[in-house]
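Notes follow the structure.
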Amino acid sequence: MADNYRDYNLTADQLAIKAKYPPLTKKYEYLDHTADVQLHAWGDTLEETFEQCAMAMFGYMTDTETVEPLDTTEVEAEGHDLLSLLYNFLNEWLYTFSADQFFVPREVKVLNIDRMRYKIRSIGWGEEFSLSKHPQGTEVKAITYSAMQIHEEETPEVFVIIDI
């Protein structure tokens, strides 16, 4: 069953922050998967699809609309094909949250995907995660290769299973 809404039971302060900014465009959904969650993201371009997949991952951890764009973080990754590039891209973003600076983006923008060298450059606007400010969702432990798919026919879409 697909579900792209997570009830975080927001406080009045969190709702006030959410109301300060325009709503985010969400081109993703969460699909049930045994003991894990499958992210399904899509976009008009492969770049937008990767952006949406990163935001789906963060959206599982917190309500990203309660995040203010107070700081920026750049993330670069590389791989040996598109699947490894997507995996490494998400893994680098997860690192900024879980091991580095607890950075959570309100928005991620892919600046460039180099399809010849399998490199990606991106930037995120957000802030440091704080339990007093951001609702706590489910921790993402890892990105997996299991059943990972990238489709580029018609509307680009990706499927990624995350370990929770």
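Structure notes:
- Across all directions, the average projected area of the convex hull around the alpha carbons of the chain is 9.2 nm².
- Solvent exposure of the chain as accessible area per residue, Å², 1.4 Å probe: 51
- Share of carbon and sulfur in the accessible heavy-atom surface of the stretch 71-134 [1.4 Å probe, %]: 45
- Residue-averaged 222 nm ellipticity for the chain, from DSSP H runs of 4+ at -39500 (n - 2.57), nearest 500: -7500 deg cm²/dmol
- Choice from Ser122, Ser98, Ser146 with maximal GNM fluctuation in the chain (Cα, 10 Å cutoff): Ser146
- Selected from Ala41, Ala54, Ala77 as most flexible by GNM, with the chain as the system and alpha-carbon contacts under 10 Å: Ala77
- Taking label points 7 Å from Cα along the Cα-to-Cβ direction, Met116 and Lys18 give a separation of 4.6 nm.
- The chain: most fluctuating residue of Thr72, Thr11, Thr34 per GNM, C-alpha cutoff 10 Å: Thr34
- A Förster radius of 22 Å combined with the Cβ-Cβ distance from Ala147 to Ser84 puts the calculated FRET efficiency at roughly 0.90.
- Taken over the stretch 93-162, the alpha-carbon convex hull comes to 134 cubic angstrom per residue.
- Here Thr25 and Ala99 are evaluated by their C-beta separation; at R0 = 30 Å the FRET efficiency comes out at 0.55.
The values are calculated or read from the model by the stated rules, or taken from the named source; none is laboratory data. None of these values were measured; they are calculated from a predicted model. Backbone-built Cβ (ideal geometry, glycine too); neighbour counts: all protein chains shown. Please note that ligands, DNA and RNA were not included when accessible areas were found on the heavy atoms of the full protein model with its side chains. Shrake-Rupley method; radii C 1.70, N 1.55, O 1.52, S 1.80 Å.
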